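Report on the structure given below.
The values are calculated or read from the model by the stated rules, or taken from the named source; none is laboratory data. Quick caveat, the model's predicted, so the values are computed rather than measured. In this analysis, Cβ positions are derived from the backbone assuming ideal geometry, glycine residues included, and neighbour counts consider all displayed protein chains.
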Amino acid sequence: MDENVDFNLMQLDLVSKDVKTVAINCLQWGDTGKGKIVDLFSDWADIVARGTGGDNAGHTVWYGNNKYVSHLIPCGDPSKTNLMGNGMVINPKSLTDEIGMAKVHSINHQNLMLALNAALILPFHIVQDNLSEISAGENKIGTTGRGIAWAYADRINRSGLFVNDLLNKDSLARKIKKNYETKKFFFNSHDSQLVRALLDSMRLENSLYWDEKNLFNLDAIIEKYYFYGQELKDLICDTDKFIRQSVGHKKIAIEGAQGLGLSNKYGTYPYVTSSDCSPYGSAEGIGLNYSQVDLSLGIIKAYVTRVGNGPFPTELGGEFSENWCNNSSIDREKELSILKGETKFDQGNIPSKDFMFGMKLRSIGDEYGATTGRPRRVGWLDLPLLRYAMNFGIKDLVVTKLDVLNDCDYIRVCNAYQYSGPQYNYGNKTLIPGTIFRETVMDYDVIKNCKPIYVDLPGWKSDIGDCKKISDLPENLINYLDFISKETGASIKILSTGFRKENIIFA
Ligand code: IMP
């Protein structure tokens with residue numbers, strides 16, 4: 001924790017004495033700076049709990065000049081109870097590594113809790129994820145390759161394993177073998193050398209699980225998973241019961257993972273992750289009902305990013321940007337060298353001004369995946385998406401990364417979409433070219449055909465790093481926030497104006 005920062009959340013009207021359970025969720029496609037906000041609330045909370053996703057997430061927190069990224073353990077004060085709930089999917093190797101890495105950073109978690117009924121990620125899931133992405137070619141989702149969808153799928157189709165299975169070697173062995181039976185056909189229908197190559201990675205213990213004759217060495221998996229069970233056994237417990245006993249008495253901060261647009265239930269399906277990472281799902285994933293949440297805070301970034309494939313109406317540079325960011329040869333260094341003029345684009349591959357502007361914002365905002373290092377696609381703020389998000393019982397917003405827009409001459413905001421696809425029936429409505437939406441429609445066939453209608457606002461063209469209170473902020477920035485509030489009915493409560501913990505303003 002940064003000792004120079006003294007935040008008293010109780011001074012805020014919104015965190016009154018009666019508020020015991022706070023949910024903090026991203027309302028876009030993830031990567032909105034949740035880590036910093038959850039960290040802030042962890043000073044107030046007794047328990048920080050996460051209920052969805054797995055090591056596909058990456059939450060970045062800065063401690064002084066040290067950057068720390070967590071993938072599974074909730075962010076924030078390690079002296080508090082940090083709980084991983086039943087709705088998560090756990091890769092025991094990633095969790096063991098992460099606990100070790102935290103110690104290296106002198107972050108000593110004093111009370112980690114892992115739900116005994118969270119789903120387990122098996123090596124099969126990681127290989128399945130990568131094989132299915134390779135087979136999908138152009139139609140791939142652009143997953144993080146961590147086996148997330150396949151672990152959730154097993155849970156749904158009743159063949160999955162749970163964290164508690166790590167503790168009982170005999171039943172672990174029986175269940176792993178049974179699980180493999182359901183997958184044999186899938187693996188045998190792929191090139192065995194490709195399976196071999198995928199298993200030859202650190203994440204998969206450098207070929208430990210490879211077997212020349214049977215593809216997977218089940219005994220090695222059983223041994224290793226049992227070993228991880230022994231490593232993690234002190235954490236594994238009935239977190240549902242603990243939360244039921246704590247709610248209403250203890251202060252709970254629920255850490256959302258990913259974002260509403262990536263929710264399997266409410267996002268841009270099929271370009272989503274495989275959990276319900278909406279505000280509803282994040283509460284359910286720790287064993288609560290959303291109605292038990294006293295304060296639901298939505299986080300938006302001052303612009304929007306998206307990683308992987310999927311519709312993104314306000315993307316700067318459109319399809320060119322999507323292809324560029326999903327090209328595995330592009331990384332931060334390559335983009336920096338382009339921005340400095342040291343590397344040129346290939347002939348015939350000349351990008352638009354919008355794309356170049358998006359690349360500049362990407363580099364200023366350091367928009368490269370915390371989990372995979374992939375460049376994030378960048379676009380303007382999308383109010384139809386925000387209006388949709390506000391249906392989830394959210395009124396109060398946190399706006400992050402405002403400083404990234406410091407140099408913009410103008411700030412563009414998408415205030416509505418215009419549909420430009422073929423005639424399409426959506427429930428009892430028939431969409432025709434020209435139909436205007438004020439609120440996003442989460443149907444891939446609709447959203448992929450929506451063009452943004454923009455409003456341009458003047459930029460503030462100044463550094464906001466030293467601003468400590470609302471009255472320090474430039475007028476054009478205030479106008480930008482007022483525009484968001486006026487157009488959506490949202491109430492903006494917290495602003496983040498830089499990556500450090502002290503770069504925060506309470507409105
Ligand atoms: P999966 O969760 O690895 O299956 O990936 C499914 C989709 O969700 C892909 O488009 C990923 O890029 C995206 N995704 C998963 N986790 C995150 C995250 O933490 N931030 C942003 N996008 C994510």
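Considering only residues that are among the hydroxyl-bearing types (Ser, Thr, Tyr) and touching a residue at least 60 places away in the same chain (Cβ under 8 Å), look in the stretch 455-507 and name the one that is surrounded by the most Cβ atoms within 10 Å (Cβ to Cβ).
Applying the filter and picking the extreme gives Thr497.
Give the residues of the stretch 176-214 that are buried (at least 17 other Cβ atoms within 10 Å of the Cβ) and under 30 Å from the mean Cα position of the chain (by Cα), sorted by residue number.
Hits for the stretch 176-214 are Ile176, Asn179, Tyr180, Lys183, Phe187, Val195, Leu198, Leu199, Arg203, Leu204, Tyr209.
Determine which single condition Met101 fails, assuming it passes every other condition in (1) touching a residue at least 24 places away in the same chain (Cβ under 8 Å); (2) more than 16 Å from the ligand (Cβ to nearest atom).
(1)
Checking Asn323 against (1) free of Cβ contacts under 8 Å to residues at least 40 places away in the same chain; (2) within 16 Å of the ligand (Cβ to nearest atom); (3) buried (at least 17 other Cβ atoms within 10 Å of the Cβ), which single condition isn't satisfied?
(3) is the only condition that Asn323 fails.
If Asp97 passes every condition in (1) at pLDDT 95 or above; (2) of a type in the set (D, E, K, R); (3) in contact with a helix residue (DSSP H, G or I) (Cβ under 9 Å, 6 or more places away or on another chain) but one, which one does it miss?
Evaluating Asp97 over (1) at pLDDT 95 or above; (2) of a type in the set (D, E, K, R); (3) in contact with a helix residue (DSSP H, G or I) (Cβ under 9 Å, 6 or more places away or on another chain) leaves (3) as the failure.
Just to be sure, is Arg387 under 29 Å from Trp460 (Cβ atoms), surrounded by 23 or more Cβ atoms within 10 Å (Cβ to Cβ), touching a residue at least 24 places away in the same chain (Cβ under 8 Å) and basic (Lys, Arg)?
Taking the combined requirement at face value, the residue does not satisfy it.
Would you please name the residue that is nearest to the chain's Cα centre (by Cα), looking only at residues in the stretch 304-333 that are part of a loop (DSSP other than H, G, I, E, B) and of a type in the set (Gly, Ala, Ser)?
By that ranking, first place goes to Gly308.
With respect to Ile126, is the statement that it is part of a loop (DSSP other than H, G, I, E, B) and at pLDDT 95 or above true? Lay out the reasoning, then the answer.
Values: part of a loop (DSSP other than H, G, I, E, B): no; at pLDDT 95 or above: yes.
For Ile126, the condition - part of a loop (DSSP other than H, G, I, E, B) and at pLDDT 95 or above - is not met.
Do we have Ile73 as in contact (Cβ under 8 Å) with a residue 12 or more places away in the chain and in a loop (DSSP other than H, G, I, E, B) here? Write out each step before concluding.
Working: in contact (Cβ under 8 Å) with a residue 12 or more places away in the chain: yes; in a loop (DSSP other than H, G, I, E, B): yes.
So Ile73 fits the description; yes.
I'm checking my understanding of the structure. Among residues of the stretch 429-451 that are free of Cβ contacts under 8 Å to residues at least 60 places away in the same chain and of a type in the set (Lys, Arg), which one is farthest from Tyr266 (Cα to Cα)?
Checked the stretch 429-451; the qualifying residue farthest from Tyr266 (Cα to Cα) is Lys429.
Say whether the condition of being under 25 Å from Gly310 (Cβ atoms) and surrounded by fewer than 13 Cβ atoms within 10 Å (Cβ to Cβ) is met by at least one residue in the stretch 434-441.
Taking every residue of the stretch 434-441 in turn, at least one turns out to be under 25 Å from Gly310 (Cβ atoms) and surrounded by fewer than 13 Cβ atoms within 10 Å (Cβ to Cβ).
Can you pull out the residues in the stretch 122-148 that are near the ligand (Cβ under 7 Å from one of its atoms) and of a type in the set (A, V, I, L, M)?
Ile141, Ile148, listed by residue number.
Based on what the data block shows, is Ile364 in contact with a helix residue (DSSP H, G or I) (Cβ under 6 Å, 6 or more places away or on another chain) and more than 22 Å from Gly267 (Cβ to Cβ)?
yes
What residue, among those in the stretch 334-373 that are within 16 Å of the ligand (Cβ to nearest atom) and either assigned to a loop (DSSP other than H, G, I, E, B) or at positive phi (or both), is surrounded by the fewest Cβ atoms within 10 Å (Cβ to Cβ)?
Looking at residues that are within 16 Å of the ligand (Cβ to nearest atom) and either assigned to a loop (DSSP other than H, G, I, E, B) or at positive phi (or both), I get Gly373.
If you go through the stretch 273-294 one residue at a time, do you hit one that is hydrophobic (A, V, I, L, M, F, W, C), within 16 Å of the ligand (Cβ to nearest atom) and in a loop (DSSP other than H, G, I, E, B)?
Filtering the stretch 273-294 for residues hydrophobic (A, V, I, L, M, F, W, C) gives 277, 283, 286, 288, 293.
Restricting the remaining residues to those that are within 16 Å of the ligand (Cβ to nearest atom) gives 277.
Add one more test, that the residue is in a loop (DSSP other than H, G, I, E, B), and what stays is 277.
Yes; the residues of the stretch 273-294 include at least one that is hydrophobic (A, V, I, L, M, F, W, C), within 16 Å of the ligand (Cβ to nearest atom) and in a loop (DSSP other than H, G, I, E, B).
Only one of Lys17, Lys103, Lys67 is in a strand (DSSP E or B), on the phi < 0 side of the Ramachandran plot and surrounded by fewer than 18 Cβ atoms within 10 Å (Cβ to Cβ); which?
Working: Lys17 fails: in a strand (DSSP E or B); Lys103 fails: in a strand (DSSP E or B).
Result of the check over Lys17, Lys103, Lys67: Lys67.
Among the residues of the stretch 252-272, count how many are under 19 Å from Phe41 (Cα atoms) and away from the ligand (no atom under 11 Å from the Cβ).
4
Is it true that some residue in the stretch 131-139 is within 23 Å of Leu95 (Cβ to Cβ) and either at pLDDT 95 or above or out of contact with any strand residue (DSSP E or B) (no Cβ under 8 Å at 6 or more places or on another chain) (or both)? I'd like the intermediate steps shown before the answer.
Going through the stretch 131-139, the residues within 23 Å of Leu95 (Cβ to Cβ) turn out to be none.
No, the stretch 131-139 contains no residue that is within 23 Å of Leu95 (Cβ to Cβ) and either at pLDDT 95 or above or out of contact with any strand residue (DSSP E or B) (no Cβ under 8 Å at 6 or more places or on another chain) (or both).
Considering only the stretch 391-398, I want to know if a residue exists there that is modelled with pLDDT of 95 or more, assigned to a helix (DSSP H, G or I), over 16 Å from the mean Cα position of the chain (by Cα) and surrounded by fewer than 18 Cβ atoms within 10 Å (Cβ to Cβ).
Yes, some residue in the stretch 391-398 is modelled with pLDDT of 95 or more, assigned to a helix (DSSP H, G or I), over 16 Å from the mean Cα position of the chain (by Cα) and surrounded by fewer than 18 Cβ atoms within 10 Å (Cβ to Cβ).
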